[in-house]
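The block underneath contains the structure these notes are about, expressed in C-alpha cells.
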Amino acid sequence: MGGREATMVLLDENGIRCDGRKVDETRKITIKAGVLKNADGSAYIEFGDNKILVGIFGPRDVHPKHMSDTDTGILRVRYHMEPFSVTERKNPAPSRREIEISKVIKEALEPAVMLEKFPRTAVDVFIEILQADGGTRCAALSAASVALADAGIPMRDLVAACASGKVADTIVLDVNNEEDQAGQADMPIGYMPNLKKITLLQLDGILTPEEYKKCVEVGVNGCKIVYELQKKALTDKYFGNGSD
Amino acid sequence: MGGREATMVLLDENGIRCDGRKVDETRKITIKAGVLKNADGSAYIEFGDNKILVGIFGPRDVHPKHMSDTDTGILRVRYHMEPFSVTERKNPAPSRREIEISKVIKEALEPAVMLEKFPRTAVDVFIEILQADGGTRCAALSAASVALADAGIPMRDLVAACASGKVADTIVLDVNNEEDQAGQADMPIGYMPNLKKITLLQLDGILTPEEYKKCVEVGVNGCKIVYELQKKALTDKYFGNGSD
Amino acid sequence: MGGREATMVLLDENGIRCDGRKVDETRKITIKAGVLKNADGSAYIEFGDNKILVGIFGPRDVHPKHMSDTDTGILRVRYHMEPFSVTERKNPAPSRREIEISKVIKEALEPAVMLEKFPRTAVDVFIEILQADGGTRCAALSAASVALADAGIPMRDLVAACASGKVADTIVLDVNNEEDQAGQADMPIGYMPNLKKITLLQLDGILTPEEYKKCVEVGVNGCKIVYELQKKALTDKYFGNGSD
Amino acid sequence: MASHSVIDELKKTQILELLEQGKRVDGRALDEPREISIETNAIPKANGSAKVRLGDTEVLCGVKIQPDRPFPDMGDKGIFICTAELLPLSHPTVETGPPQPHVIELARVTDRGIRESHMIDLSQLVIEKDKSVVGVFADIVVIDYDGNLFDACSYAATAALLTSTTPKWTMVDDKPTLVDGEESPLPTTTIPASVTMGKIGNHIIVDPNGDEWDSMDARITITTNSDGNICALQKGGSDGFTQEEIVQCGEISVRVGAKIREKLKEAQQGSQ
Amino acid sequence: MASHSVIDELKKTQILELLEQGKRVDGRALDEPREISIETNAIPKANGSAKVRLGDTEVLCGVKIQPDRPFPDMGDKGIFICTAELLPLSHPTVETGPPQPHVIELARVTDRGIRESHMIDLSQLVIEKDKSVVGVFADIVVIDYDGNLFDACSYAATAALLTSTTPKWTMVDDKPTLVDGEESPLPTTTIPASVTMGKIGNHIIVDPNGDEWDSMDARITITTNSDGNICALQKGGSDGFTQEEIVQCGEISVRVGAKIREKLKEAQQGSQ
Amino acid sequence: MASHSVIDELKKTQILELLEQGKRVDGRALDEPREISIETNAIPKANGSAKVRLGDTEVLCGVKIQPDRPFPDMGDKGIFICTAELLPLSHPTVETGPPQPHVIELARVTDRGIRESHMIDLSQLVIEKDKSVVGVFADIVVIDYDGNLFDACSYAATAALLTSTTPKWTMVDDKPTLVDGEESPLPTTTIPASVTMGKIGNHIIVDPNGDEWDSMDARITITTNSDGNICALQKGGSDGFTQEEIVQCGEISVRVGAKIREKLKEAQQGSQ
C-alpha cells in the first residue's frame, strides 16, 4: 500500500465505491474453460479489467530427472506478465515480484491437487497476465484451478480467490487498482470452499485486530462467489450452456 | 536500409560507384585455406575491408548427449564480431543480430554438408569477424564453406555468397558499407553453383518485382565469381600455388 | 596502486605509520576456529578492520559428476564480499575481481591440502568478507587455512598470508587500506612456513629489483607472525584456552 | 526435437503424396492461406492491440507508446521496437528461459518486415530533436501454435499498429510531459503484408500449418508494401531454392499479399 | 530436496507425537520463540548493522545509506531496498548462483514487513525533490541456518535500521555533496515485529526451528507495528489454514510481537 | 579437463627428463622465449592494433578510442579497459559462454601489467574534467593457442597501444565532438614487458609452450617497465615457489623483459 493521498472519492456517503460497486460486491467476472488447442487444459478469466489466460501441461516427464519426486507429482507454476499488460511497458525479464507470486500461487494450488496420484511427473501451470488491473494473483489463481480441472487433473477442491481490503476506513471486497493505490490495506485470499481451508493469504497495509478478522471473513465470502462462477465455467464447457 | 540521404555520389554518370567499381564488380576478394594450427579446418577471407577468420572443429562428440541426433550429424554455427571490428566499439555480449546471422548461415551451409555421414556428432563452425565493412554474412559464409572443405568434411558443393542490391536506382553487385547505409536495398545471397540452389537469401529495402528478379540474377552471378576464388583457395593449399 | 597524492603523512620522522604502527608491525589480528554450527569447519578472522568468515563443506560428492576427478579431490573456493562490506555499497553480482581472487586463493591453498586423499570428491571453501579494509585476500587465505584444518581436512601445512608493500619509499609490512590507496606498491604473500613455499604472490606497483627482494623477505616474515596466530586459534579450539 | 519420430516421417510422406496430386492435408489450394481472423483492441489498456488467428495459430500483439531517448545520431526519428515470445502455454515443447535462436529470428523478421516497409512515419514521432522521441513498442506473444508464426506475428503487429493511437507529449522542464486529451492515430504510410511459403519436395505452399511446417525442407517469408513492391525477405530451413522458385515465390507474395492487405485494412476500418 | 528421506519422516512423526502432548522437541511452549540475541554495530563501517541469533539461526544485516535518484513519480520520498542472501556456508544444501524463489520470497517478505509498517519516514529522506534522495539499503546475509529465517532477517534488518545514523547531503553543482560531521539517527516511526508460525497437523507453533521447519504443513508470517496493529502477512507452504486458525495466528502475532518489540527496543537503547 | 590422461603424464615425464639435462622439448634455453613476430595495424579500422605470434600462440589486439564518462572521483583521468577472450577456434577445449575464471584472470593480469606500469598517461586523456574523458579499450582475442597467453596478450596490447593514434574531441553543447583531422599518438610513458615463467620440478623456464604449460607445477608472470623496475606480478598454479626462486624469477624478468622491450620498440618504429 503506497499510502498515497486519495485524489478521488473512494467511498461516497451512500457506501458506493469509485467504480460504482457496493462494499461487498466483486467486479464483473467471466470465466471460460478450455480455450486453447494445444494445452492439456486451459481457462480464461476476465475479472474487472484483468484479462488472464492459463494453460496446463501434464502430468508429464520431468527434465532433468533428479528434479522429479518418486513419491509424488510436482506442480510448477509460472506467473508471467506481458509487456503490454500494465500502464508503463513492463521489461520482459522476469521480475522478483513475478517469481514470488508464482511461488505463492503454487503453494495455494498444492493443497487442492492430488499430486500423490502421479508420482515422478510434473504438472505445469502457465499463467499469462494479458491485462492487469489490480488483483491479478487472485484472478490468476481462480483461473488456474479451473484450468487444472479442465486438464482432468484429479483435485480435492477448487481454489477460489478474491481480495478483501480496507478503503476509506471500511472493509470492502475485491480491491481494484485505484483502491489498491490509494487504499489502506489489501488482503488477497485463496480458499477451498468444500475443504474450508485458506491456501493463499497475504496482507499489505495496516489493520487493527478487529479489522483483520473482518477482512478475512469478507474475503472468504468473496471466494464463495467466485467458486460458483468457476463451477459454472466447467459446467458450461462439459455440459454445454446453450450459447457456446 | 536506413533510408538516409546520400551525401556522396553513389553512382556517377559513367556508371562508376563510390569506391571506383563498376555495377557488376565485386570488391577485392582474397581467400586462404588452412590458416590455423589447432582447428581441424580453417579459412581466412578478405572481402573488401572485411577480414574474417573461420575455424572448424569436428565431427566430434556432442555434450550434453541428448543434443545429438542418432540419424545425422549436426552443424553448429557461431557468428561473432570482435569488439574492435566496427566503428563504434561493440559490446562483447552476443547481440540478437549475431544470433540470427548464426542461424541463417547454419541453414545456408546445411544443404551443402553431408551431415548424414557422421551421425551422433557435431561439426562446429566458428566465424570471427575481425573487421567489418558491409556484407560480412556473405563473406563469412563463403569462408566457412572453404574451412569446412579444408577440415575434410564431406560436402555436396561449396556455398558461395555475395550480395546484390539497389543503389541510386540501379541494381548492383556486392553492396559495400557506404552503399548499404545510403542505398535502397541489400540482398545477401548464398548459392551452390553445382547444385544450382540458393541456400541463403535475405532482403532489406524496397524492390519492384522486376528489380527483385534482376537482383537475384545479379547476386547469383556474383556467387559464381566467388566460387572460383573458393576453389582456387583450396587448390592453392592442397596443390600449392608456387608462392606459398 | 592508484598513484594518488598522499594527503596524510604515511610515515613520520620516527618511522611511525598513519595508524601508529612500526614498519614491520602487522595490524591487530584475531583468529577463531569453529564458529559455525552447520559448516564442517569454519574460522573467523579480524585483521585490522577486516572481518572475514570462512566455512568449509566436504569432502563431499560433486554434481555434476563429470566435474569430479577420479584421481584426486578438488578444491572449490568462493571469495565473496557482502554489499555492506565496503564504503560504497557493492553490487551483489559477483565481480571479475572476486572471481580472480577466488582463483588465486584456490591455487594458494591447493599445495597445502592433501587432495589425493579424497578422490572423486570436492572440498568447498566459502569466504565471506563482512567488512573490508585492505588486505582481504591475505586475511581470507589465513582464515581459510584454519577453517580447513578445523574441518579435519588432511593438510601438509597451513598457509599463512600477509602483504608487504612500499609506502613513502619504505618497504613496510601489512599495507592497510589508506596505504594501499596512497602508497607505491602492495605485495600480498601466502606462505607455508614448514614447507618454506610461497603459494600466493601478487604485486601492484613499482619496485626496484632490490626493493622487490626486500619486499618478499618482509612479507614472508609477516606470514610467520600470522602462522603463530593460526596455530593458536586451532589450539584454543581443540585444547581450550581457558577463556572460551 | 533433435530426431524425427516415425510418425513425423509418416506424416511427411502423406503430405508429400497429397502434394504430388496438387492437394494439401487440409484441403487448401497451394497458394491459399488459412482463414484469418483479426480482433483489434483486444487489450484496451494498450495504445493498440490485435489478436490474430491464422487457422489454429493464435497470437496477440499489444502496442505501448511512450517517450524515450532517441538512438545516437538518430535524434530526428522516433523509435520502433518489436519483440516476440512463444508463451509456454502455446505448445508442449516451448521452454521458458532466454529466447532460443528461432524465436529471436521470428522477432527480427517480424520487425524488419514492418521497418523496411517504412510503415510507421518515425519522423513524426519526435518530441524534441536529439532529446526525446516517441517510442513504439510492439510486443507479440504466441498463445496457440499451429505453424507459420512469421505471418501471424506480422499480421498481429501490423493490425495493432494500424489501430494504435498515440498520446501527445511536450517538453516541460526538460522532461516529456503528457498533453491531456490530445490523441491521434499512429502515423502510418503503408501496409506491409507478410507471406510465408514452405517448400516440400518441389512444391511451394503458402502459409504452412503445423504439420506442414514440421515437414518443410525450406521456407521463405516475403513482405510486400501497399505499392505491391517487395520490401523484406528471409529464407530459412535446411534446404535451398532454385532461382526460378525464388522468382515464383516473389510473384506469389505480391499476389497473396494483396489479399492479406485487404483483411488488414478491414480490421483497421472495423476498429474506427 | 525433492523427496523426503526416511529420517525426515521419523523426525516429523516424533515432532507430531510430542505436539499431541503439547510439547516441542526443544522443550519450548507452543507460542514461545527461541532465545534471541542482538548485537548491534557488528559492522562499524556500515551506517547501521546488527547480528541476530535466533536459536541456532544466525543472520547479519548491514545498512548502507547513500544518495540515489528517486523512483519516477516518487520524487518526494527516499528509497528503501532490502535484500537477503543465504550464504553457502550457512547450510550444506545452499547453492551459489542466482537466487532461488524461496530466497526471493524471504527478501520480499522481510522488505514488506518493514515497508508496510511505515517504519522509516521516507519523506524526511529527500535531498532535492525529484532530483536526489537518500537511499537506504538493508542487505541481510544468513550465516547459520536452523529454521525460521523470516523472523531472524526481520529482526536483524529492524535492529540495524533502528541503530543507523544517516549522513547529511546538500546539492552542490547539481550533485549531492556530503556535509561533514552532520549525522543524525535514521528517522523511524514504529517498530515492526515479525512473528512466524508453523502448522504441523492441527498445531500452531511460534518460531519453528530447523527440524520443525522441515516438518511443517504450512506457515504464516504476520508483522505487527508498535500500535499492535497488523501490517503485513504472508502464508506459505503446501497446506491451508482454517479461518479460525488464521484469526488465532493474528492474535498470537500481536501478543508475541509485543515481546519481540521490547527486545528490539533494548537493542536500540543498548547501542546509544 | 579434470583428469590428466596417460599421454599427459608421459609428456610431463619426458619434459622433466629433458629439463634434468638442461634441455627443453623444442630446443630452447631455459630462459629463452619463443620467436616473437608482431604485425601492427592488422585492423586498419581500429585506432591501433597488433597481431602477435609467440611460437604457435597467436593473438590479436584491437584498440578503440572514444569519449566516455569518467569514473566517479576520477574526473581528471582518462579510462583504460583491457579485455581478453579465448576464441573457440583457438583450441578444441575452448567453450563459448560466459568467461571462465582463467580467462578473467588472463584479462585482469594483462590489464594490470599495463596499468601499473603507468604506460598510458591517462591525465592527458581528459576532454572536460569530471564530464567527459577519453576511453581507451584494448580488446584482445586469442586466435591460436600453444601456451603462455599471458605474455602474448601483453605484447599484443602493448604493441597496439604503442601504435595507436587518438582523435581529438572538444565539448560542443555539452557533448564531446570530434575535431576533424587532429590525430595524435596515444600518450605513453614507458613500455611494459611481461615475462611468464613456469616451474616444472625445480626448473624455471621462460615462456612455456603448450605442452610445457600443461606440465607446469606453478607459474609466475612478472612485468617490468622501461626503467627495469618490477611493476606487476601474478603467481598461479597448484604449487608454490621458494623464496629464492621468487627472487630468481625477478632477475630473469628484468633481463628477458629488456630484450622483449626492444622487439616492442621495433614494432612501434616499424609502424611509423
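The values are calculated or read from the model by the stated rules, or taken from the named source; none is laboratory data. A quick note: this is a predicted structure, and the numbers were derived from the prediction, not measured. Every residue, glycine as well, gets a Cβ built from its backbone with ideal geometry; the counts of neighbours run over all protein chains shown.
Got at least one residue in the stretch D:55-69 being within 30 Å of A:Ala122 (Cα to Cα) and free of Cβ contacts under 8 Å to residues at least 12 places away in the same chain?
no
Does the stretch E:200-211 contain at least one residue that is away from chain A (no Cβ under 11 Å), part of a helix (DSSP H, G or I) and closer than 30 Å to A:Val104 by Cα?
First pass over the stretch E:200-211, keeping only residues away from chain A (no Cβ under 11 Å): E:200-211.
From what's left, part of a helix (DSSP H, G or I): E:210-211.
Adding the requirement that they be closer than 30 Å to A:Val104 by Cα leaves E:210-211.
Checked against the condition, which is being away from chain A (no Cβ under 11 Å), part of a helix (DSSP H, G or I) and closer than 30 Å to A:Val104 by Cα, the stretch E:200-211 yields at least one hit.
Check off (1) surrounded by 24 or more Cβ atoms within 10 Å (Cβ to Cβ); (2) in a loop (DSSP other than H, G, I, E, B) for F:Pro92 and give me the number that stays unchecked.
F:Pro92 satisfies every listed condition except (1).
Would you point out which residue out of B:Glu98, B:Glu128 is facing another protein chain (nearest Cβ under 7 Å) and either of a type in the set (D, E, K, R) or within 26 Å of B:Leu201 (Cβ to Cβ) (or both)? Talk me through it step by step, then tell me what you get.
Values: B:Glu98 fails: facing another protein chain (nearest Cβ under 7 Å).
Checking each option against the conditions leaves just B:Glu128.
Select from the stretch E:123-138 the residues that are surrounded by fewer than 21 Cβ atoms within 10 Å (Cβ to Cβ) and under 25 Å from E:Thr40 (Cβ atoms) and write down the one among them that is nearest to the chain's Cα centre (by Cα).
So, considering only residues that are surrounded by fewer than 21 Cβ atoms within 10 Å (Cβ to Cβ) and under 25 Å from E:Thr40 (Cβ atoms), the one nearest to the chain's Cα centre (by Cα) is E:Phe137.
Out of A:Val62, A:Val86, A:Val54, A:Val77, which single residue is β-branched (Val, Ile, Thr), touching a residue at least 12 places away in the same chain (Cβ under 8 Å) and under 30 Å from E:Lys77 (Cβ atoms)?
Values: A:Val62 fails: under 30 Å from E:Lys77 (Cβ atoms); A:Val54 fails: under 30 Å from E:Lys77 (Cβ atoms); A:Val77 fails: under 30 Å from E:Lys77 (Cβ atoms).
Every option except A:Val86 fails the conditions.
Kindly indicate which of A:Thr26, A:Thr70 is in contact (Cβ under 8 Å) with a residue 24 or more places away in the chain and over 30 Å from A:Thr235 (Cα atoms). Please lay out each step first, then the result.
Details: A:Thr26 fails: over 30 Å from A:Thr235 (Cα atoms).
Within the list A:Thr26, A:Thr70, the selection yields A:Thr70.
Only one of these conditions is not met by A:Lys22: (1) closer than 29 Å to A:Leu173 by Cα; (2) in contact with a Lys or Arg (Cβ under 9 Å, 6 or more places away or on another chain); (3) of a type in the set (Lys, Arg). Which number is it?
Tallying (1) closer than 29 Å to A:Leu173 by Cα; (2) in contact with a Lys or Arg (Cβ under 9 Å, 6 or more places away or on another chain); (3) of a type in the set (Lys, Arg), A:Lys22 fails exactly one: (2).
Considering the stretch C:24-80 alone, what residues qualify as being of a type in the set (Lys, Arg) and within 22 Å of E:Pro92 (Cβ to Cβ)?
Selection gives C:Lys32, C:Lys37, C:Arg60, C:Lys65, C:Arg76, C:Arg78.
Considering the stretch E:40-64 alone, what residues qualify as being assigned to a strand (DSSP E or B), at the interface with chain C (Cβ under 9 Å from one of its Cβ atoms) and either within 19 Å of E:Gly135 (Cα to Cα) or touching a His at 6+ places or on another chain (Cβ under 7 Å) (or both)?
Correct list: E:Ser49, E:Cys61, E:Gly62, E:Val63, E:Lys64.
Of the residues B:Val172, B:Val146, only one is in a helix (DSSP H, G or I) and of a type outside the set (Phe, Trp, Tyr); which? Break it down into steps so the answer makes sense when it comes.
Working: B:Val172 fails: in a helix (DSSP H, G or I).
The match here is B:Val146.
Looking at (1) basic (Lys, Arg); (2) at pLDDT 95 or above; (3) farther than 30 Å from B:Leu200 by Cβ, find the lone condition where D:Lys175 falls short.
D:Lys175 satisfies every listed condition except (2).
Which one of the conditions (1) touching a strand residue (DSSP E or B) at 6+ places or on another chain (Cβ under 9 Å); (2) away from chain F (no Cβ under 12 Å); (3) over 21 Å from B:Ala39 (Cα atoms); (4) among the charged types (D, E, K, R) does B:Glu116 fail to meet, given that it meets all the rest?
Result: B:Glu116 passes all but (1).
Using the structure shown, decide if B:Leu10 is at pLDDT below 95 and among the aliphatic types (A, V, I, L, M). Explain how you work it out, then say what you get.
Values: at pLDDT below 95: yes; among the aliphatic types (A, V, I, L, M): yes.
When the stated conditions are applied, B:Leu10 passes them.
Only one of C:Glu228, C:Glu210 is in a helix (DSSP H, G or I), within 12 Å of chain F (Cβ to nearest Cβ) and loosely packed, with under 15 Cβ neighbours inside 10 Å. Can you tell me which? Can you show your working first?
Working: C:Glu228 fails: within 12 Å of chain F (Cβ to nearest Cβ).
Unique residue meeting the criteria: C:Glu210.
Kindly evaluate F:Val247 against the criterion of being under 19 Å from the mean Cα position of the chain (by Cα) and facing another protein chain (nearest Cβ under 9 Å).
Numbers: under 19 Å from the mean Cα position of the chain (by Cα): no; facing another protein chain (nearest Cβ under 9 Å): yes.
No.
Inspect all residues belonging to the stretch E:81-93 and state whether any of them is at the interface with another protein chain (Cβ under 10 Å from one of its Cβ atoms) and free of Cβ contacts under 8 Å to residues at least 40 places away in the same chain.
Step one: filter the stretch E:81-93 for residues at the interface with another protein chain (Cβ under 10 Å from one of its Cβ atoms), giving E:81, E:83, E:85, E:87-93.
Cutting the leftovers down to free of Cβ contacts under 8 Å to residues at least 40 places away in the same chain gives us E:88, E:92.
Yes, the stretch E:81-93 contains at least one residue that is at the interface with another protein chain (Cβ under 10 Å from one of its Cβ atoms) and free of Cβ contacts under 8 Å to residues at least 40 places away in the same chain.
Of the residues that make up the stretch D:182-195, is at least one polar (S, T, N, Q) and surrounded by 21 or more Cβ atoms within 10 Å (Cβ to Cβ)? Show your work before the answer.
Our first condition is that a residue be polar (S, T, N, Q); within the stretch D:182-195, this holds for D:184, D:188-190, D:194.
From the residues that got through so far, the ones that are surrounded by 21 or more Cβ atoms within 10 Å (Cβ to Cβ) too are D:194.
Taking every residue of the stretch D:182-195 in turn, at least one turns out to be polar (S, T, N, Q) and surrounded by 21 or more Cβ atoms within 10 Å (Cβ to Cβ).
Exactly one of these conditions fails for C:Leu195: (1) surrounded by 18 or more Cβ atoms within 10 Å (Cβ to Cβ); (2) within 11 Å of another protein chain (Cβ to nearest Cβ); (3) touching a residue at least 12 places away in the same chain (Cβ under 8 Å). Give me its number.
Looking at each condition in turn, C:Leu195 falls short on (1).
Filter the stretch F:5-48 down to the residues that are at pLDDT below 95 and hydroxyl-bearing (Ser, Thr, Tyr), then identify the one that is surrounded by the fewest Cβ atoms within 10 Å (Cβ to Cβ).
Among them, the one singled out is F:Ser5.
For the stretch B:26-57, enumerate the residues that are at the interface with chain F (Cβ under 9 Å from one of its Cβ atoms) and among the charged types (D, E, K, R).
Residues satisfying the conditions are B:Lys37, B:Asp40, B:Asp49, B:Lys51.
For the subset of the stretch B:58-76 comprising residues that are part of a loop (DSSP other than H, G, I, E, B) and modelled with pLDDT of 90 or more, which member is farthest from the other protein chains (Cβ to nearest Cβ)? Spell out the reasoning first.
Looking only at the stretch B:58-76, we keep the residues that are part of a loop (DSSP other than H, G, I, E, B), and these are B:62-64, B:68-73.
After this cut, where a residue has to be modelled with pLDDT of 90 or more as well, the list is B:62, B:72-73.
Values: B:Val62: 9, B:Thr72: 8, B:Gly73: 11 Å.
If we take residues in the stretch B:58-76 being part of a loop (DSSP other than H, G, I, E, B) and modelled with pLDDT of 90 or more, then B:Gly73 is farthest from the other protein chains (Cβ to nearest Cβ).
Residue by residue through the stretch C:31-57, note down the ones that are of a type in the set (S, T, N, Q) and either under 13 Å from the mean Cα position of the chain (by Cα) or not in a strand (DSSP E or B) (or both). Talk me through it step by step, then tell me what you get.
First, pick out the residues of the stretch C:31-57 that are of a type in the set (S, T, N, Q): C:38, C:42, C:50.
Those that are of a type in the set (S, T, N, Q) and either under 13 Å from the mean Cα position of the chain (by Cα) or not in a strand (DSSP E or B) (or both): C:Asn38, C:Asn50.
Tally time: how many residues in the stretch A:111-131 are in contact with an Asp or Glu (Cβ under 8 Å, 6 or more places away or on another chain) and crowded, with 20+ Cβ neighbours inside 10 Å?
Let us first name the residues in the stretch A:111-131 that are in contact with an Asp or Glu (Cβ under 8 Å, 6 or more places away or on another chain), namely A:111-112, A:116, A:119-122, A:128-131.
If we keep only those that are crowded, with 20+ Cβ neighbours inside 10 Å as well, we get A:111-112, A:122, A:128-131.
Here the count works out to 7.
Given (1) more than 7 Å from every other protein chain (Cβ to nearest Cβ); (2) modelled with pLDDT of 95 or more; (3) farther than 29 Å from D:Thr83 by Cβ; (4) in a loop (DSSP other than H, G, I, E, B), where does B:Phe84 come up short, assuming only one miss?
(1)
Look at E:Leu106 and say whether it is in a helix (DSSP H, G or I), more than 10 Å from chain C (Cβ to nearest Cβ) and in contact (Cβ under 8 Å) with a residue 40 or more places away in the chain. Explain how you work it out, then say what you get.
Values: in a helix (DSSP H, G or I): yes; more than 10 Å from chain C (Cβ to nearest Cβ): yes; in contact (Cβ under 8 Å) with a residue 40 or more places away in the chain: yes.
Criteria met by E:Leu106.
Taking the stretch B:106-130 only, how many residues are assigned to a strand (DSSP E or B) and of a type in the set (A, V, I, L, M)? Lay out the reasoning, then the answer.
First pass over the stretch B:106-130, keeping only residues assigned to a strand (DSSP E or B): B:113, B:121-130.
Now drop any that are not of a type in the set (A, V, I, L, M), which leaves B:113, B:122-123, B:125, B:127, B:129-130.
Final tally of qualifying residues: 7.
If you check F:Asp111 against the conditions, is it at pLDDT 95 or above and either surrounded by 15 or more Cβ atoms within 10 Å (Cβ to Cβ) or part of a helix (DSSP H, G or I) (or both)?
Values: at pLDDT 95 or above: yes; either surrounded by 15 or more Cβ atoms within 10 Å (Cβ to Cβ) or part of a helix (DSSP H, G or I) (or both): yes.
So F:Asp111 fits the description; yes.
Restricting attention to the stretch A:148-170, report how many residues are under 18 Å from the mean Cα position of the chain (by Cα) and polar (S, T, N, Q).
The total comes to 1.
Of (1) more than 13 Å from every other protein chain (Cβ to nearest Cβ); (2) out of contact with any Asp or Glu (no Cβ under 6 Å at 6 or more places or on another chain), C:Val167 satisfies all except one. Which?
The single condition C:Val167 does not satisfy is (2).
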